[in-house]
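Shown next, in structure tokens, is the structure this report addresses.
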Amino acid sequence: MVDISAILDVLRPVQDPELQKSLVELNMIRHVKIQEGVVNFTLVLTTPACPLREFIVEDCQKAVKQLPGITEVIIDVTAETPQQKSMPDKTGIDGVKNIVAVSSGKGGVGKSTVAVNIAVALAQTGAKVGLIDADIYGPNAPNMLGLSTAKAMVQQVNGQDVLEPAFNHGVKLVSMAFLIDKDQPVIWRGPMLNGIIRQFLYQVQWGDLDYLIVDMPPGTGDAQLTLVQAVPLAGAVIVTTPQTVALLDARKGLKMFQQLGVNVLGIVENMSYFIPPDLPDRQYDIFGSGGGDRTAQELGIPLLGMIPLEINLRTGGDQGIPIVVAEPESASAKALVAIAKQVAAKVSVAALTTVSS
């Protein structure tokens, strides 16, 4: 007779590919049931956006079917996103499990486009996602998320003003654009910038979030320092293009996070090549080629993905419909979804590795 212990024994060698530990030891196999040759159990992944979900399910099915008398294996897949470890000198946000900064060394590399599409792609997997538009001087995320006409909703909670985030495409958003007129410039020094970023972190009704993505301004200035010093970050994603001047600045931004003790999850190479809409089989290396890969190898940092430059990627942002929603089968959308899954996987590894150590 096959019992539950026999099921767990054959599943014990099956590992989470990212964590390289047994699914059984990680308590990812739960609620095992056996009835007339049919085995049913729950597989609890570390993120709804697990990029290797199908492989893990297949390995589990193969392992259990080795047992005599088993005719069918039914696996219910769910996810529990782990929480990053708190730090004594930094204050986490209630209900928010992981905070990820999306940054760049210079402007114009498509950082906000990447941040918005990563957030939406994660939400599409079933994760609860928020986005802070921390580019106070140039807040563009509302337009990219179709929220250009939204305004800040302020509530009183325990005698304190609290912002209600706007919501679209599965993502909660706060932005300086909700607090000022369309053409109004923000002419602030560092202390005021520090104050508004902290307000976006702690005085917003975020609720429960698996991921809070922070779209940073370019560079290595006040906004980056405020974020790193305020909250425990799950990691940072560095966005660049293959162009040499972008890579030079990207390296500085990357080193800044490392010097401040933040885990750099990887590099995203945006605008890797141009795909003409009338010649989809052609590729043109407008900004050079291979720069992101070379930089990642030199610095020992993963290259999370390469995003082609497509006209519809730009128009989607202008129209408020991110490319992962507007054209999910496009080359750029597929690249962004794959990057979002890589980010989620690395965040889970960092959280579980920290907890286990």
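Annotations for the structure displayed:
- Hits in region 11-39 (condition: within 15 Å of Ile75 (Cα to Cα) and surrounded by 15 or more Cβ atoms within 10 Å (Cβ to Cβ)): Leu11, Val14, Leu23, Val24, Met28, Ile29, Val32, Ile34, Val39
- Note on region 242-276: residues that are in contact (Cβ under 8 Å) with a residue 40 or more places away in the chain and either outside the structural domain of Lys341 (by TED's automatic domain parsing) or hydroxyl-bearing (Ser, Thr, Tyr) (or both) total 1.
- Residue within region 169-188 that is closer than 21 Å to Leu265 by Cβ, in contact with a helix residue (DSSP H, G or I) (Cβ under 6 Å, 6 or more places away or on another chain) and not assigned by TED's automatic domain parsing to the domain that holds Pro48 present: yes
- Filter result (farther than 16 Å from Val214 by Cα and exposed (fewer than 15 other Cβ atoms within 10 Å of the Cβ)) within region 165-185: Ile180, Asp181, Lys182, Asp183, Gln184, Pro185
- Residue that is surrounded by the most Cβ atoms within 10 Å (Cβ to Cβ) [pool: residues in region 42-58 that are more than 17 Å from Leu26 (Cβ to Cβ) and either over 19 Å from the mean Cα position of the chain (by Cα) or outside the structural domain of Leu23 (by TED's automatic domain parsing) (or both)]: Glu58
- Members of region 153-196 found to be assigned to a helix (DSSP H, G or I) and either free of Cβ contacts under 8 Å to residues at least 12 places away in the same chain or farther than 12 Å from Pro139 by Cβ (or both), listed by number: Gly190, Pro191, Met192, Leu193, Asn194, Gly195
- The sole residue among Gly266, Gly288, Gly292, Gly305 that is touching a strand residue (DSSP E or B) at 6+ places or on another chain (Cβ under 7 Å), over 21 Å from Ala141 (Cα atoms) and at pLDDT below 95 is Gly292.
The values are calculated or read from the model by the stated rules, or taken from the named source; none is laboratory data. Please read all numbers here as calculations on a predicted model, not as lab measurements. A quick note on method: Cβ atoms are made from the backbone with ideal geometry, for glycine too, and the neighbour counts reach across all protein chains shown.
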